[in-house]
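Participant: This is the structure, below, for whatever I ask next.
The values are calculated or read from the model by the stated rules, or taken from the named source; none is laboratory data. Given the structure is predicted, the values throughout are model-derived calculations rather than measurements. All Cβ positions, even for glycine, are placed from backbone atoms using ideal geometry, and neighbour counts span all protein chains on display. Just the protein is used for accessible areas: all its heavy atoms, side chains included, with ligands, DNA and RNA removed. Shrake-Rupley method; radii C 1.70, N 1.55, O 1.52, S 1.80 Å.
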Amino acid sequence: MQDGTLSIGIIGAGIMAERLLRAILDQSPPLVNVSGIWDPAPSAMARMAATFPQVPRLAGAAAVIAASDCVYIASPPASHLGHARAALAAGRSVFCEKPLAVDVAEARAFVAEAGDKGAVNFPFASSLAVATLMDWIAQGAVGKASRVTIEVAFATWPRSWQADAAAWLDGRQQGGFTREVVSHFLFLSRRLLGPLHGLSASVVFPETGRSERTIEAKLMAGDIPVDLKGRVGTTAKDDHNIWMLEGDHGAVRLCDWSVAERCLPDGTWEPAADAQSQADARPIALRRQIEGVVKLTRGQPHHLATLAEALDVQEIVEAILADGVRAAG
């Protein structure tokens, strides 16, 4: 750390790295500085040079780790654990994209050995809309909770803005909307209601080697049933999603990532007075994630998604994709 400012290095130069970089560079006052970024793809490094010329471009993952207090791992999932283990071995903290790994057993072993030096980038941990939902729930808007419903849909998969990463985002090993999108809503269910368990699921894969196009699942979050449905090709929107919690007094929901709504007595839905679009809400959540990264690295209590929470989510995600498989006919 220089002058008490934490130094964060970034491995992987895709859209997630760009978003975090913008949030870091927009800080006022700065909580962290960027020690450097590396990606094995020359095209990605050239894009970083053009977009963020002030950010050092380093020679490799080891150089990023050596220059940093905390390492943000935003590379494809199959590489996560190798980078995370190297960072932890060097005494750095780790802020990792989900999933932790492509193999659940490997993820379990990593979580057991990593202790409290790591966290995972589930931005709902820092979402103001989620904070609003939690306030409404605490105030009795739901009453005794009875059911969660999760609904996601996409015009195409990968989404239009993910074309550069389509090779792995539409693959069976690392990709698919269940890992990339549904995992966020499973984390939200887990954070608000309790551990995930009791899964039954079905999934449709379009062709050999490609990711899923339809899922249906039932599970429990703590003591609350969760109904989950996901589809590709059933909406004109890049991304449609709803997370809804119902109870004996009413219901609340999160729509399209960032809009908290509550059900009025006449059955209509009222957005929160301060509701924002995802484009406006995302930078705020990322700034709050950065605050959590600082606390994580300094060994202080933080609100970020823990490794244990991320593992719980990954266990369910991989069970949906494996145990519930049925091929498209």
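Participant: Give the lysines reachable from LYS144 as a straight Cα distance under 27 Å; neighbours fewer than 8 places away on the same chain don't count.
Facilitator: Qualifying lysines at Cα under 27 Å: LYS218, LYS229.
Participant: Still on this structure: Highest GNM mean-square fluctuation, the chain, Cα pairs closer than 10 Å: which of PRO29, PRO40, PRO301?
Facilitator: Largest GNM mean-square fluctuation: PRO29.
Participant: Using only Cα atoms, find the angle between the long axis of helix 307-323 and the longest principal axis of the chain, and express it within 0 to 90 degrees, rounded to the nearest 10.
Facilitator: 60
Participant: Is the shape of the range 13-72 best called rounded, prolate or oblate, per the rule: a/c under 1.5 gives rounded, else a/b larger than b/c gives prolate, else oblate, with a ≥ b ≥ c the square roots of the Cα gyration tensor eigenvalues?
Facilitator: On the way: a/c = 1.94, a/b = 1.21, b/c = 1.60.
Oblate is the answer for the range 13-72, as a/c is 1.5 or above yet b/c matches or exceeds a/b.
Participant: Rank-order 174-181, 94-101, 81-88, 246-253 by packing density, defined as the average count of other C-beta atoms within 10 Å over each peptide's residues, highest first.
Facilitator: Details: 174-181: 22.8, 94-101: 25.0, 81-88: 19.8, 246-253: 17.0.
Ranked by mean Cβ neighbours within 10 Å, highest first: 94-101, 174-181, 81-88, 246-253.
Participant: While we're here: Sticking to Cα atoms, compute the Rg of the range 1-153 to one decimal and its Dmax as the biggest Cα-Cα distance, whole number, in Å.
Facilitator: 17.9, 55
Participant: Here's something else I'd like to know. For a test of the definition: using alpha carbon positions, the gyration tensor, and the 1.5 limit on a/c, classify the range 174-270 as rounded, prolate or oblate.
Facilitator: In terms of gyration-tensor shape, oblate.
Participant: Further, regarding this structure: Normalized C-alpha radius of gyration of the range 105-215, against 2.2 N^0.38 Å?
Facilitator: With N residues counted in the range 105-215, Rg over 2.2 N^0.38 Å equals 1.27.
Participant: With runs of 4+ DSSP H residues as the only contributors, calculate the mean residue ellipticity of the chain at 222 nm using -39,500 (n - 2.57) per run, divided by the residue total and rounded to the nearest 500.
Facilitator: Taken over the chain, the calculation gives -10000 deg cm²/dmol.
Participant: Can you give me the distance in nm between label points at ARG22 and ASP227, each placed 7 Å from the Cα along the Cα-to-Cβ direction?
Facilitator: 3.6
Participant: Could you sort HIS197, HIS303 by accessible area so the largest value comes first, with the probe set to 1.4 Å? Before the final figure, lay out the partial values.
Facilitator: Working: HIS197 85, HIS303 55 Å².
Per-residue accessible area, sorted high to low, gives HIS197, HIS303.
Participant: Using the Cα centre as the reference, give the magnitude of the dipole from point charges on the C-beta atoms of the chain (Lys, Arg: +1; Asp, Glu: -1; all else neutral), rounded to the nearest 20 debye.
Facilitator: I would put it at about 460 debye.
Participant: Over the Cα atoms of the chain, what radius of gyration and what Dmax do you get, in Å?
Facilitator: 19.6, 61
Participant: Using only the alpha-carbon atoms, how far is helix 15-25 inclined from the longest principal axis of the chain? Give it as 0 to 90 degrees, nearest 10.
Facilitator: The answer is roughly 70 degrees.
Participant: Only four residue types carry charge here, +1 at the Cβ of Lys and Arg and -1 at the Cβ of Asp and Glu. Report the dipole size of the range 253-327 about the Cα centre in Debye, rounded to the nearest 20.
Facilitator: Numbers: 8 positive and 12 negative charges, 74 e Å.
The dipole magnitude comes to about 360 debye.
Participant: What is the range 90-166 by shape, rounded, prolate or oblate, if you read a ≥ b ≥ c off the alpha carbon gyration tensor as root eigenvalues and call it rounded for a/c under 1.5, prolate for a/b larger than b/c, and oblate otherwise?
Facilitator: Numbers: a/c = 2.10, a/b = 1.28, b/c = 1.64.
Taking the square roots of the gyration eigenvalues as a ≥ b ≥ c, the range 90-166 is oblate.
Participant: With every protein chain kept in the model, how would you rank CYS255, CYS263 by accessible area, 1.4 Å probe, largest at the top?
Facilitator: Working: CYS255 15, CYS263 50 Å².
Sorted descending by solvent-accessible area, the residues read CYS263, CYS255.
Participant: Determine the dipole magnitude for the range 203-296: charges of +1 sit on the beta-carbon of Lys and Arg, -1 on that of Asp and Glu, nothing else is charged, the reference point is the Cα centre, and the result goes in debye to the nearest 20.
Facilitator: It comes to approximately 420 debye.
Participant: Per residue, how much space in cubic angstrom lies within the convex hull of the C-alpha atoms of the range 266-320?
Facilitator: Expressed per residue, the convex hull around the Cα atoms of the range 266-320 is 170 Å³.
Participant: Please report how far the C-alpha centroid of the range 125-181 lies from that of the range 228-273, rounded to the nearest whole angstrom.
Facilitator: If you average the Cα positions of each part, the centres end up 11 Å apart.
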